[in-house]
């Protein structure tokens, strides 16, 4: 005859698991019965027309009717967005450029922002303290200066 696959340790673990489950169920039922005895439900909080939380319901006379069709969800299409009429070509000064590594930074003359510049975005060779004109393009880590040309 073959021995049972159920060992003493396995049966003890199973008994503990079942006891834990029964205890959890008892606690759950106790909480439910206590909640029924109290007679309190979930407390409600209302938002009045000023945006403040209150325990009294709002006045229906102050309710504002909103047309659901007028609500825009998402990003507006490119045609609908306000276009920036400013010149895309900017001027600035090269604050740092390492030709051996192939990158540098340009400081915009208008807003003193620092923009990354890679050698692949250069039209002319540049060096530090040169005055340049450039355009901006969104890169992985922010705005990059591209089409960089030297101003003489």
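Here, each number is a calculation from the coordinates, and none is a lab measurement. Because the structure is a prediction, the values reported are computed rather than measured. As a convention, Cβ positions derive from the backbone with ideal geometry for all residues, glycine included, and neighbour counts pool all protein chains shown.
A few remarks follow.
- Mean separation of Cα contacts under 8 Å, 6 or more apart, over the residue count of the chain: relative contact order %: 13
- Order by protection proxy (mean Cβ within 10 Å, highest first), peptides 117-126, 11-20, 65-74: 117-126, 11-20, 65-74
- Translational D in µm²/s for the range 103-143 (Stokes-Einstein at 37 °C, 0.692 mPa s, Kirkwood Rh from C-alpha pairs): 299
- Gain on full extension, evaluated as 0.36 nm per residue between residue 49 and residue 26 minus their Cα-Cα distance, stands at 3.8 nm.
- Length released on extending from residue 75 to residue 96, taking residue separation times 0.36 nm less the Cα-Cα span: 3.9 nm
- Estimated FRET transfer efficiency when R0 is 25 angstrom, pair residue 89-residue 120 (beta carbons, to 0.05): 0.85
- Where only C-alpha atoms are counted, convex hull volume of the chain per residue in Å³: 445
- Where only DSSP H runs of four or more residues are counted, the chain gives -7500 deg cm²/dmol as its mean residue ellipticity at 222 nm, each run worth -39500 (n - 2.57).
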